[in-house]
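Undergrad: Right, I'll just put the structure down here and ask away after.
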């Protein structure tokens, strides 16, 4: 059978991938969950029809959301991950020996369940003693936390469906409160070609609370436009002031000490958004 | 009509774009030429079914192929462009006041004709007195040139169809001979996710002739994987040794002095290709 999956990344543009097998498909209480085996990118997790991660290119997103803040903070011990049910972000966080505890709050248990089944490499860190998984609302968890985390990573879907509460102003205030006095947060903030307003707003809201606000990018071939952005807010430590010498060797395929710094250099049309 | 154009960028992956109008379609002596009006990227030129350029994102490719070598060379006067019938590369080259002459050798007159008609902004530089357009074989033009150009830009399609002679070892030897004693060339060399071998070979062949061999990248949303590479070979001047002060303001939307340098910082899996 000549089977193709298509994601309309905008109303008028998208990607299409040849599918070997539909591994699982289910409407969870929160979203449509599909797991497909593609020829080009291996097994792929879709939520509400959008590519979340794939075996072949997952390393870019997960390394970049984790290593940039974790090498910016001088001694990250306690980390919170909101979303990220595939486990890839937790896996990268746990590569840092200073980390004593990673709390992950994922709203949809089914994402974890099927990631363990069909993305076992990505989900491998769930067995680590330092990882605690809470099935619940990340927004509420943050509102109930105070002065608790060194790092908070918002590894959410787009601000629709179960992630609708994220990317609001109250959310940034909550993150500020939940972080320790020299804490850092990073949120994925989509792409500058199709979602310029989302980035502009995330930067504006972050600036209201955090003295250090930065945007950085990476290349993810299965995500809209291939250029992905992360917004970083920090109470004290500046990611672009990090000395390359303090970035130790970490097992990676995308992140390096030089990429850490180059990822903050923005094309002119992206710079102009800020 | 709900009309969509799809390009299979690999056998099992591609992009799809909603089409407002098919503006022109023709089989030229060299290739299939289609001009379509898309909703997301404006007018778009396709050759043999592959996206060559679009009104909305053309600036990235054309700025990056031109400004990086032209700001690396201290006094570029004479420039050769092979291919690039849409005119976008010539337009960026002519933004450099030191340039006295740009010779462009495009094999397919129809590409120029329909770019002038449907991509007038991109093709606007053809009216410039410093631009000379030759309809002919760029490979032969290079083989017949000696010690003539400061800069050579290979703005070709993939090494299939009319561009089959490009990306061969004899071609690099020819470029070396056609360049002056401190000349620089840049060739577009596709993307590292799907065409790793092409990049590996281009770098290897370039190294055989040029003491300075570098790879740099940019983000182009309508090109495979969203990450595009350029291979640069230089007889003397090193693009990463260029002082930011010597990069003067140029009217751009992607290129900046900081992007010049950051574009040479490669993700680890790309670095490993070299």
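Undergrad: Condition first: in a helix (DSSP H, G or I) and buried (at least 17 other Cβ atoms within 10 Å of the Cβ). Can you find one or more residues in the stretch A:127-136 that meet it?
TA: Scanning the stretch A:127-136 turns up no residue that is in a helix (DSSP H, G or I) and buried (at least 17 other Cβ atoms within 10 Å of the Cβ).
Undergrad: Continuing with this model, one more query. Is it true that some residue in the stretch B:14-36 is outside any strand (DSSP E or B), at the interface with chain A (Cβ under 8 Å from one of its Cβ atoms) and in contact with a strand residue (DSSP E or B) (Cβ under 9 Å, 6 or more places away or on another chain)?
TA: Among the residues of the stretch B:14-36, not one is outside any strand (DSSP E or B), at the interface with chain A (Cβ under 8 Å from one of its Cβ atoms) and in contact with a strand residue (DSSP E or B) (Cβ under 9 Å, 6 or more places away or on another chain), which makes the answer no.
Undergrad: Among the residues of the stretch B:1-13, count how many are more than 7 Å from chain A (Cβ to nearest Cβ) and not in a loop (DSSP other than H, G, I, E, B).
TA: Number of matching residues: 6.
Undergrad: Something else about it: Could you tell me whether the stretch B:37-59 includes any residue that is in contact (Cβ under 8 Å) with a residue 24 or more places away in the chain, surrounded by 22 or more Cβ atoms within 10 Å (Cβ to Cβ), part of a helix (DSSP H, G or I) and more than 9 Å from chain A (Cβ to nearest Cβ)?
TA: Yes, the stretch B:37-59 contains a residue that is in contact (Cβ under 8 Å) with a residue 24 or more places away in the chain, surrounded by 22 or more Cβ atoms within 10 Å (Cβ to Cβ), part of a helix (DSSP H, G or I) and more than 9 Å from chain A (Cβ to nearest Cβ).
Undergrad: Sticking with this structure for a sec: Between A:95, A:101, which is within 23 Å of residue A:186 (Cβ to Cβ), surrounded by fewer than 23 Cβ atoms within 10 Å (Cβ to Cβ), touching a strand residue (DSSP E or B) at 6+ places or on another chain (Cβ under 6 Å) and in the same structural domain as residue A:131 (by TED's automatic domain parsing)?
TA: A:101
Undergrad: Scanning for something free of Cβ contacts under 8 Å to residues at least 60 places away in the same chain and within 11 Å of another protein chain (Cβ to nearest Cβ), does the stretch B:85-96 turn up at least one residue?
TA: There is no residue in the stretch B:85-96 that is free of Cβ contacts under 8 Å to residues at least 60 places away in the same chain and within 11 Å of another protein chain (Cβ to nearest Cβ).
Undergrad: Of all residues being in a loop (DSSP other than H, G, I, E, B) and out of contact with any strand residue (DSSP E or B) (no Cβ under 6 Å at 6 or more places or on another chain) in the stretch B:186-210, which is surrounded by the fewest Cβ atoms within 10 Å (Cβ to Cβ)? Just the residue, please.
TA: Applying the filter and picking the extreme gives B:195.
Undergrad: For the stretch A:239-262, enumerate the residues that are away from chain B (no Cβ under 11 Å), part of a helix (DSSP H, G or I), free of Cβ contacts under 8 Å to residues at least 24 places away in the same chain and out of contact with any helix residue (DSSP H, G or I) (no Cβ under 6 Å at 6 or more places or on another chain).
TA: Correct list: A:241, A:245.
Undergrad: Do the conditions hold for residue B:115, that is, is it modelled with pLDDT under 95, buried (at least 20 other Cβ atoms within 10 Å of the Cβ) and in contact with a helix residue (DSSP H, G or I) (Cβ under 7 Å, 6 or more places away or on another chain)?
TA: Spelling it out, it is not the case that residue B:115 is modelled with pLDDT under 95, buried (at least 20 other Cβ atoms within 10 Å of the Cβ) and in contact with a helix residue (DSSP H, G or I) (Cβ under 7 Å, 6 or more places away or on another chain).
Undergrad: How about the stretch A:60-84: which of its residues are within 24 Å of residue A:26 (Cα to Cα) and in a strand (DSSP E or B)?
TA: Matches in the stretch A:60-84: A:82, A:83.
Undergrad: Of the residues that sit in the stretch B:225-237 and are part of a loop (DSSP other than H, G, I, E, B) and within 14 Å of chain A (Cβ to nearest Cβ), which one is farthest from residue B:261 (Cα to Cα)?
TA: Residue satisfying both the conditions and the ranking: B:225.
Undergrad: Scanning the stretch A:263-274 for residues that are at the interface with another protein chain (Cβ under 8 Å from one of its Cβ atoms) and surrounded by fewer than 22 Cβ atoms within 10 Å (Cβ to Cβ), which turns out nearest to the chain's Cα centre (by Cα)?
TA: So the residue we want is A:265.
Undergrad: Determine whether the stretch A:217-224 contains at least one residue that is out of contact with any strand residue (DSSP E or B) (no Cβ under 6 Å at 6 or more places or on another chain) and either surrounded by 22 or more Cβ atoms within 10 Å (Cβ to Cβ) or within 13 Å of chain B (Cβ to nearest Cβ) (or both).
TA: Yes, that holds for at least one residue.
The values are calculated or read from the model by the stated rules, or taken from the named source; none is laboratory data. Source: prediction; values computed, not measured. Quick reminder, even Gly has a Cβ in these numbers, built from the backbone with ideal geometry, and neighbours come from all protein chains shown.
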